Amino acid sequence: MSDSPESVVRKFLAAWTDPKADELRSFLNDDAVWVDGPNGVHRGAKAVVDELMRQLSIVRAMWVEVDTLVADGGTVMVEWHGGFTMGGTPIACKVMAAFEVDANGRINQMRESFDMKSLTDQIEAAGYTVPG
C-alpha cells in the first residue's frame, strides 16, 4: 500500500529543502502538471523537476513549514510559509497549493498561488535583479 496523499505531499515539500532530482521525480507521474503561480505551467515530470531544481538551486537554506493541510481523497490543499537565503539575506514567502495525488501515491498535478510582487521586492532589496 502506498502512502496517504497527505503524507506524499508532506514528504514532497520536505524534499525541497535538500533537493535531488531523482527524489523529486519519484513523487510525480510522468505526465504531472505544475501550475507555478504567476510563473506559468510546466508539463511532464521532467519539465516539473527541471524547473524545481532550477528554482531550488538558486537559493540556500530553503525551509518549508506547513501551516494548514486538508485532504479529501486524492486532493490535498496546503498552505505553507517558508523562506530561503540569497547572499545572506533572508527571503520569506507564503504559498497556497492544491495537489492531486493518484491511488499509487504519485502527484498528477500541483497548483500554487503566491504573492510574486512581495517575493521579487525582497529579492531586489537583497541586491539581486529579477528577470522581467
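The values are calculated or read from the model by the stated rules, or taken from the named source; none is laboratory data. Since this is a predicted model, take the numbers as computed values, not measurements. Reconstructed Cβ throughout: ideal geometry from the backbone, glycine too, with neighbour counts over all protein chains shown. All accessible areas refer to the heavy atoms of the entire protein, side chains included, with ligands and DNA or RNA removed. Shrake-Rupley method; radii C 1.70, N 1.55, O 1.52, S 1.80 Å.
Structural remarks
- Relative contact order, percent, the range 88-127 [alpha-carbon distance under 8 Å, six or more residues apart]: 42 percent
- Among Ala71, Ala32, Ala45, the largest mean-square fluctuation in a Gaussian network model of the chain, built with springs joining Cα atoms closer than 10 Å, belongs to Ala71.
- Using a probe of 1.4 angstrom and keeping all protein chains present, the accessible surface of the chain works out to 54 square angstrom per residue.
- In sequence order, calculated HN-Hα J values of the range 72-87 (Karplus, 6.51, -1.76, 1.60; Hz; x Gly/Pro): 9, x, x, 9, 10, 10, 9, 10, 9, 10, x, x, 7, 10, 10, x
- Fraction of antiparallel bridges per DSSP, the range 26-114 only, in percent to nearest 5: 85 percent
- Once the Cβ-Cβ distance of Thr89 and Arg43 is raised to the sixth power relative to R0 = 25 Å, the FRET efficiency obtained is 0.15.
- Of the chymotrypsin sites (Phe, Trp or Tyr not before Pro) found in the range 30-132, no site is in coil according to DSSP while having at most 10 other Cβ atoms within 10 Å of its Cβ.
- Whole-number percent relative contact order across the chain, with pairs defined as alpha carbons under 8 Å at least 6 apart: 25 percent
- For the chain, complete DSSP H runs whose alpha carbons reach 18 Å or more along their own long axis and whose mean Kyte-Doolittle score is -0.5 or higher are 45-58.
- Pairs from the table (Lys11/Lys117; Lys46/Lys117; Lys11/Lys46) lying more than 25 angstrom apart at Cα are Lys11/Lys117; Lys46/Lys117.
- Here each label is just a point 7 Å from Cα along the line to Cβ, and for Val59 and Asp30 those points are 3.2 nm apart.
- Per-residue ellipticity at 222 nm from helix content only, as computed over the chain with -39500 (n - 2.57) for each DSSP H run of at least four residues, stands at -9000 deg cm²/dmol.
- Of the solvent-accessible surface of the range 54-132, computed with a 1.4 Å probe and all protein chains present, 53% belongs to carbon and sulfur.
- Between the amide H of Met62 and those of Thr85, distances stay under 5 Å, these residues lying 5 or more places away or on another chain, with hydrogens modeled in the peptide plane.
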